[in-house]
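Encoded as structure tokens, the structure appears first; notes follow it.
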Amino acid sequence: MSDSWSDDRVSQLLDRLKTLDELRGNADAARGEAEARIAKIKSETRVKDRHLWLLLWANGDRAVYDEYRSMRDEVKHRRQQIARLPHSRQMVLGELDRVIADDLEQNDPDYLGIVIEQRKVRQKKEVCHHALNVVLRTREKITSVSASLRVRPNGKAAVAAARREPGEISAQLKVVQEKVKEVNRIVGSRDLVNGGLVKRLNMTFLGTEFGHDERKKQLDDTVRTLNEVARKVEASGDKFEKRLRELEKDRRQRVKAKRDRLLSMHGLTVT
């Protein structure tokens, strides 16, 4: 590794792995010895000597029972210990991977390139994710307004709200339009949201003085436009997500390759 802190930390982690491997070896050996002793006891003793209720009823040998019970407890304990060790080992390996990743980021230009691209792609994915949420919320609002057009507002407040709705929806569509333009600035030319769709998001909605059918048609047309926009933005987000998975796989492979070499050099199990 490249600095004393990293070297010290790696040494500590390797020592912990050696300890865990020794514990695993000792536990396996102890379990094997206990299982062998159980098999021997079974072959050389009577059933009534090995089971407490028979021992008490038929006057069996308590010393045999005590040893048999002790060996069974030992096997159970060692199995539990062995079952816990892989988790402990994975935690140490995870910490070792983080130290290796930090070192690679500082000293390996190719690895650093992956990390930098990950950051950029993650930001682009977030732009798409945020834009999609705005599109879907706006679509939900317009769908709700379209479905309630036949319900006549009751009361001054409701009437005033109904009159404000077209302007509010138009304003929200302008927000959608800006978010979609942000998406278009970060995606490739093949993934652009069609300019015609973007222009259709810039409109003034008909007010309450217009007929129900005319207003509903305008709203439903807008919902269809938003559906097309949502599909395009979501597809771009999915592409960025796919690229992130590819980069992360490459990054992890590089870390694991260095970790495996390190483990092999110190005679440790490579996993």
Which residue pairs have Cβ atoms under 9 Å apart, sit 6 or more places apart or on different chains, and have a first residue in the stretch 246-271 that is free of Cβ contacts under 8 Å to residues at least 40 places away in the same chain and a second that is loosely packed, with under 13 Cβ neighbours inside 10 Å and in a loop (DSSP other than H, G, I, E, B)? Asp260/Val270; Asp260/Thr271; Arg261/Val270; Ser264/Val270
Please list, ordered by first then second residue, the pairs with beta carbon atoms under 6 Å, 6 or more apart or interchain, first in the stretch 233-244 and among the basic types (Lys, Arg), second in a helix (DSSP H, G or I) and surrounded by 15 or more Cβ atoms within 10 Å (Cβ to Cβ). Arg243/Val121
Being within 18 Å of Asn133 (Cα to Cα) and out of contact with any Leu (no Cβ under 6 Å at 6 or more places or on another chain) is the requirement here; does Gly196 meet it? no
Would you check which residues across the stretch 178-196 are part of a helix (DSSP H, G or I), within 25 Å of Gln218 (Cα to Cα) and open to solvent by 20 Å² or more (accessible area, probe 1.4 Å) and list them? Glu178, Lys179, Lys181, Gly195, Gly196
Show me the helices (runs of 4 or more DSSP H) found entirely inside the stretch 20-139 where at least 1 residues are open to solvent by less than 80 Å² (accessible area, probe 1.4 Å), touching a residue at least 24 places away in the same chain (Cβ under 8 Å) and touching a Phe, Trp or Tyr at 6+ places or on another chain (Cβ under 6 Å). 62-107
Does Asp66 satisfy being farther than 30 Å from Thr269 by Cα, in contact with a helix residue (DSSP H, G or I) (Cβ under 6 Å, 6 or more places away or on another chain) and of a type in the set (Asp, Glu)? no
Would you call Glu241 modelled with pLDDT of 95 or more and closer than 30 Å to Leu93 by Cα? yes
Looking at this structure, is Lys174 touching a Leu at 6+ places or on another chain (Cβ under 8 Å), modelled with pLDDT of 80 or more, surrounded by fewer than 16 Cβ atoms within 10 Å (Cβ to Cβ) and under 30 Å from Lys120 (Cβ atoms)? yes
Restricted to the stretch 140-155 and to residues being open to solvent by 60 Å² or more (accessible area, probe 1.4 Å) and outside any helix (DSSP H, G or I), the residue modelled with the highest pLDDT is Arg152
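The values are calculated or read from the model by the stated rules, or taken from the named source; none is laboratory data. Worth saying up front: this structure is predicted, and the values here are computed from it rather than measured. When we count neighbours, we look across all protein chains shown, and the Cβ atoms used for this are built from the backbone with ideal geometry, even at glycine. To get the accessible areas, we keep the full protein, side chains included, count just its heavy atoms, and leave off ligands, DNA and RNA. Shrake-Rupley method; radii C 1.70, N 1.55, O 1.52, S 1.80 Å.
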